[in-house]
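The values are calculated or read from the model by the stated rules, or taken from the named source; none is laboratory data. Quick caveat, the model's predicted, so the values are computed rather than measured. Because the Cβ atoms are built from the backbone with ideal geometry, glycine has one as well, and the counts that use them run over all protein chains shown.
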Amino acid sequence: MKTLNKYLIYIFLFILIVIVFPAICTKRRNIKAEEHKDTLNQDSKNIVEGISYDYSKYGRVKLLHKKNGQIEEIAIDEYLYGVVSAEMPANYELEALKAQAVAARTYTVYQISNNKGKHDDADMCDDYTCCQAWISKDDRMKKWNENKRENNWNKIVKAVNSTAGKIITYKGEVINAFFHSNSGGKTEFASNVWSGGKDFPYLQSVETSGEDGYTQYNSEVIISKKDLLEKIRKEYKDIQINFNEKESIKILEYTESGRVKTVKIGNIEIAGTKVRSMLNLKSTNFSIKLEKDNIVFSVIGYGHGVGMSQTGADSMAKQGNNYEEILKHFYTGIEITTI
Ligand SMILES: [Zn+2]
């Protein structure tokens, strides 16, 4: 009998150790995992700051990190904290940051919906020359002064959260919300920058005041005649130029917004957009001056000039416009819609 009791105790202990304890632990782990999932679950139906919205149709952003080739999956608005803080200075007006958040969200949703395959398994990359700039919270915080970090980050989060679910649509369709740094006072028609640009009726040329007050407004590139010729010869082997001729370099044509459309350099004609990329000019709004040994390109504005100007958005916010007014100024005939 004593032996039987002993065996029963052993069996009881066995059940306790092998079955009951692991079951309890697993349950606790599952609860923890659920909690973790909830804090990150910005993908589906949500209510943030009183706005109800639903991201479930778009899922998470599959973000390609260009420097290591890794793909990270991030909830849309978490991804936008990294985009807004990389794309726009945190000391810009809150309404400008909100306009940036909505433009970036719109661009993101557009890419997820329309641009499958651009980056294989990813929706977007973190390179601003290709998709949108993005920076991790850690890297961002390190770049800000210690006494401003917390406030700056909270301001970015507020810009994204207070516009949660909001995107820009044109006739019910999500738009391709291009933006750039400084328009030089007047934005550009998309059709003058990209061959398919005429398909975007909401990307017209509009004027904005106050952009000349920003450092991005003026810039200059000085290049020697010899270096210029070398650079052009790499792509146009037949170029011939006599710099002693009065009109050896001449702007032939401007776009409707006043940017350079075509330049004659020696015996060839080159598009303004091509000159910009070859010489790393900040925009196609430039003038050319020939000096003794050098050519001086004086440039107005920064970026392709299409869609929302970021400095223009800040300037408009300073003049008392809210983010909806800013977006409706830069994107013609649009609506702000909640998804
Ligand atoms: Zn990209």
For this session: Could you tell me which numbered condition I222 fails, if it satisfies all but one of (1) modelled with pLDDT of 95 or more; (2) surrounded by 15 or more Cβ atoms within 10 Å (Cβ to Cβ)?
Result: (2)
Exercise. Looking at (1) under 26 Å from Q319 (Cβ atoms); (2) of a type outside the set (S, T, Y); (3) surrounded by fewer than 23 Cβ atoms within 10 Å (Cβ to Cβ); (4) within 16 Å of the ligand (Cβ to nearest atom), can you tell me which one E95 breaks?
Worked result: (4)
For this session: List every residue pair whose Cβ atoms sit under 9 Å apart, with the two residues 6 or more apart in sequence or on different chains, where the first one lies in the stretch 146-162 and is without any contact (Cβ under 8 Å) to a residue 60 or more places away in the chain and the second, anywhere, is assigned to a helix (DSSP H, G or I).
Result: R149/R140; R149/M141; R149/K142; E150/M141
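Would you check if I239 is of a type outside the set (D, E), assigned to a loop (DSSP other than H, G, I, E, B), more than 20 Å from G185 (Cβ to Cβ) and in contact with a strand residue (DSSP E or B) (Cβ under 6 Å, 6 or more places away or on another chain)? Let's see the steps before the verdict.
On the way: of a type outside the set (D, E): yes; assigned to a loop (DSSP other than H, G, I, E, B): yes; more than 20 Å from G185 (Cβ to Cβ): yes; in contact with a strand residue (DSSP E or B) (Cβ under 6 Å, 6 or more places away or on another chain): yes.
The answer is yes for I239.
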For this session: Would you mention how many residues in the stretch 56-76 are surrounded by 15 or more Cβ atoms within 10 Å (Cβ to Cβ), basic (K, R) and away from the ligand (no atom under 14 Å from the Cβ)?
Result: 1
For this session: Can you confirm whether the stretch 145-164 contains a residue that is part of a loop (DSSP other than H, G, I, E, B), in the same structural domain as D77 (by TED's automatic domain parsing), over 30 Å from S191 (Cα atoms) and under 13 Å from the mean Cα position of the chain (by Cα)?
Result: no
Exercise. What single numbered condition from (1) at pLDDT below 90; (2) closer than 22 Å to K166 by Cβ fails to hold for N30?
Worked result: (2)
For this session: Go through the stretch 105-142 and give me each residue that's within 16 Å of the ligand (Cβ to nearest atom), part of a loop (DSSP other than H, G, I, E, B) and polar (S, T, N, Q).
Result: N115, T129, Q132
Problem set entry | Odd one out for K246, checked against (1) in contact (Cβ under 8 Å) with a residue 24 or more places away in the chain; (2) more than 29 Å from P201 (Cα to Cα) | (1)
